[in-house]
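Student: This structure is in C-alpha cells; I'll ask about it shortly.
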Amino acid sequence: MIGNDQVTPAKVPNRARRVFVPSSAFTPSSAATIDANAGAAAARRIRATQFGNEASNEYATTYFTVPSDYAGSGVPGLNAPRITVYWSTDSATGDNKINTEVNFDSIAAFATIGGVGSTPRYAFRSGGGPLPEASESLDPEQGAIAAQVLPEPGDVWTGNPTWAAGDIIAFTLRRLGSSAEDPNDGGSAIVGILFEYEADQ
C-alpha cells in the first residue's frame, strides 16, 4: 500500500543496476590489440585492447560517469562498487597469471598542477591472495576470457574511496609484466569492466 496516494523515491525499493565499459573505451599506452578468443575462426574472433605484455609495464585508461541514480555500492563496507575485470591473454604457456594494478580516482583529483597520479586501489597477481588489497590472478587458457572480481570478499579498495552520483571516474589497468609475480609470457587485453551498484530509482 502506498500512503497519501503518492509515489516517491523513498517509497520505491532500491534496485541493483549494472554498467559495462567495453574494451573500445580504453586508451592503451601502446596501440595494440589481440584476439580475446583466439581459438575461434578468424572471422568470429573478439578483438580487445591490449594493456600489457610480458616484458614491460603498460597500461590502459578509460573514463565513465557514476550514474545519476547511484545510491551506493550495494556491498556492505564498500564505498565504491565491486568491479569485474574481463581480460584475456594470447599466451600459450602453462601459467597465464598476470600482475596488474587497478587504479582509479575522481577526475577532480587530477585538476591540480604537479603531476598527480592515479591512486592504486587493488591488484591481482600470481601469489597475490589472500592478502589485503590484492588477490590471486586468474589463469585463463590462451584466448579465454577471465572474469576477475575485485576486491574479493573481505577486502576493500585502498583508501575505501567514496563514489557519488555524477562523479567522473578515471580508471586505469597497469600490468607489471616484468615482475616475478607475472609468469605470463604474452600479451594481455582488456575486454571490459562491469560494476553493479545500488540505484535509488
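Student: At 7 Å along Cα-to-Cβ for each site, give me the label-to-label distance between V149 and A32 in nm.
Tutor: In this crude spin-label approximation the distance works out to 3.1 nm.
Student: Taking the Cα centre of region 118-173 as origin and charging only Cβ (+1 Lys, Arg; -1 Asp, Glu), how large is the dipole, in debye to the nearest 20?
Tutor: Around 160 debye, computed over region 118-173.
Student: How much of the accessible area of the chain, probe 1.4 Å, is carbon plus sulfur, in whole percent? List each step's numbers first, then the result.
Tutor: Values: 5120 of 9720 Å².
Solvent-exposed carbon and sulfur of the chain make up 53 percent of the total.
Student: Averaged per residue, what accessible area in Å² does the chain show with a 1.4 Å probe, protein chains only?
Tutor: I get 48 Å² per residue for the chain.
Student: Can I ask one more? Can you give me the three principal axis dimensions of the chain from its C-alpha atoms, in Å, biggest first?
Tutor: 65, 45, 32
Student: Would you work out if region 28-116 is rounded, prolate or oblate? Take a ≥ b ≥ c from the square roots of the eigenvalues of the alpha-carbon gyration tensor; rounded if a/c is under 1.5, else prolate when a/b is larger than b/c, oblate otherwise. Could the numbers behind the result be given before it?
Tutor: Numbers: a/c = 2.10, a/b = 1.59, b/c = 1.32.
Prolate.
Student: Continuing with the same structure: Compute the signed sum of charges (Lys and Arg +1, Asp and Glu -1) over the other residues within less than 14 Å, Cβ to Cβ, of G77.
Tutor: -3
Student: Multiply the residue gap between A92 and A108 by 0.36 nm, knock off their C-alpha separation, and tell me the result in nm, one decimal place.
Tutor: 1.7 nm
Student: Just to confirm a number: summing +1 for Lys and Arg and -1 for Asp and Glu over residues other than S106 whose beta-carbon lies under 15 angstrom from that of S106, what do you get?
Tutor: Summing Lys/Arg as +1 and Asp/Glu as -1 gives -1.
Student: By how many nm would the segment from E196 to E141 lengthen if fully extended, with 0.36 nm per residue of separation less the alpha-carbon distance?
Tutor: 17.1 nm
Student: Then there is this: Taking amide H positions as placed 1.01 Å from N in the peptide plane, with prolines and chain starts having none, which residues 5 or more places from R121, or on another chain, fall under 5 Å of its amide H?
Tutor: Under 5 Å from the amide H of R121: V102, N103, F104.
The values are calculated or read from the model by the stated rules, or taken from the named source; none is laboratory data. Please read all numbers here as calculations on a predicted model, not as lab measurements. Cβ coordinates were reconstructed from backbone atoms using ideal geometry, including for glycine residues, and neighbour counts include every protein chain displayed. Accessible surface areas use protein heavy atoms only, side chains included; no ligands, DNA or RNA. Shrake-Rupley method; radii C 1.70, N 1.55, O 1.52, S 1.80 Å.
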